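The values are calculated or read from the model by the stated rules, or taken from the named source; none is laboratory data. Because the structure is predicted, anything quoted here is derived from the model rather than measured. Glycine also receives a Cβ, built like all others from the backbone with ideal geometry; neighbour counts cover every protein chain displayed. Protein only, heavy atoms only, side chains kept; ligands, DNA and RNA dropped before computing areas. Shrake-Rupley method; radii C 1.70, N 1.55, O 1.52, S 1.80 Å.
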Amino acid sequence: MTHTAEDLAASITQLTSFSDVVLRLDSMLADENSSAAQIGNLIEQDPALTAKLIRIANSALFNAGVPIDSVKDAVTRVGMRQVRDITLGVCATEAFDGIPNDLVSPEDFWKHSLSCAISAQLLASHTRQVGNESAFTAGLLHDIGQLVMFSKCPEQSQQALLLSIDLSDGRSTYLAEREIFGFDHANVGAELAKQWGFPDNLRHCVEWHHEPFECDEISNLTVLIHIANSVAVLAELDSVDMDDAAPVDPRAFDQLQLDTEIIPEIVAETRESVADLLRLFLN
């Protein structure tokens, strides 16, 4: 059976949907008069989301000092826009609970995704070219198309994985996916992001994180996620050699005015933070 990226994304959206809180949160944030207390009251209608948001706000990622125990304080500490993005990310991870796949464990998948999210936020703090409001969530969600493909097309996905390993030219998995499927996980993820109503900046990161300079409108946030994806691999391998990770477009560091000498520092901080955050997101 021939699939399209749109078909695969639709097969997931038919099985799961986001919390009503996420949909209402966007409308509330569009109102300049909305307060942290009002947003906190809305999020508190979802107890599981409330608990995770407070734990994340208390994590080292947000330079937690005095512990907080309310959503209002979490919104104040993290910022209203970033609360929206984190809420979106949390709900996306929960949306795939119970959707089986035999190719990668949830822990392994979200470990890489969280490593990318953490490194993206850290990289954003080193450049004035990107605000860090959406960096974490863009990193967290960049590979969601893989989960769809692993779940819905496991045999073809395995063929793509094996092809990427077997090819002597070091071809990345997304290029092997194009040979097998005619499209890749970035296409599927972008379609899912569209069907779920993600903001354009996040959808573009999902779609173009492997080839950020191929997009008609080059986004610095997408370039950031492109770098963060490779840094995440280095963190998982405990390496600081960029040759050990997916190739980074040589224009990327110049685009963001980043020095490659910061990579060892980012790798070390990512490795230090990922274990705690993985427990927060998966428990």
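Things to note:
- Some residue of the stretch 88-108 being more than 22 Å from E191 (Cβ to Cβ), in contact with a Leu (Cβ under 7 Å, 6 or more places away or on another chain) and either among the hydrophobic types (A, V, I, L, M, F, W, C) or at pLDDT below 80 (or both): no
- Looking only at the stretch 48-73, and only at residues there that are touching a residue at least 24 places away in the same chain (Cβ under 8 Å) and not in a helix (DSSP H, G or I), the one that is nearest to S134 (Cα to Cα): S59
- Criterion (within 16 Å of V21 (Cα to Cα), small (G, A, S) and either crowded, with 20+ Cβ neighbours inside 10 Å or under 17 Å from the mean Cα position of the chain (by Cα) (or both)) met by exactly one of A51, A37, A92: A92
- Scanning the stretch 1-47 for residues that are in a helix (DSSP H, G or I), among the small types (G, A, S) and either at pLDDT below 80 or closer than 15 Å to V83 by Cα (or both) turns up S27, A36, A37, G40.
Here's the yes/no breakdown for (1) modelled with pLDDT under 95; (2) crowded, with 16+ Cβ neighbours inside 10 Å; (3) farther than 29 Å from P100 by Cβ:
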{"site": "L162", "(1), (2), (3)": "yes, no, no"}
{"site": "D166", "(1), (2), (3)": "yes, no, no"}
{"site": "Y174", "(1), (2), (3)": "yes, yes, no"}
{"site": "E179", "(1), (2), (3)": "yes, no, no"}
{"site": "F213", "(1), (2), (3)": "no, no, yes"}
{"site": "A228", "(1), (2), (3)": "no, yes, no"}
{"site": "E236", "(1), (2), (3)": "yes, yes, no"}
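- Number of residues in the stretch 224-250 that are without any contact (Cβ under 8 Å) to a residue 40 or more places away in the chain and under 18 Å from the mean Cα position of the chain (by Cα): the value is 5.
- Condition broken by C215, with the remaining ones in (1) under 13 Å from the mean Cα position of the chain (by Cα); (2) free of Cβ contacts under 8 Å to residues at least 12 places away in the same chain satisfied: (1)
- Given (1) closer than 22 Å to T13 by Cβ; (2) modelled with pLDDT of 85 or more; (3) open to solvent by 10 Å² or more (accessible area, probe 1.4 Å), index of the condition P67 fails: (1)
- When the test is whether a residue is open to solvent by 10 Å² or more (accessible area, probe 1.4 Å), touching a residue at least 40 places away in the same chain (Cβ under 8 Å) and not hydroxyl-bearing (S, T, Y), P199 passes it.
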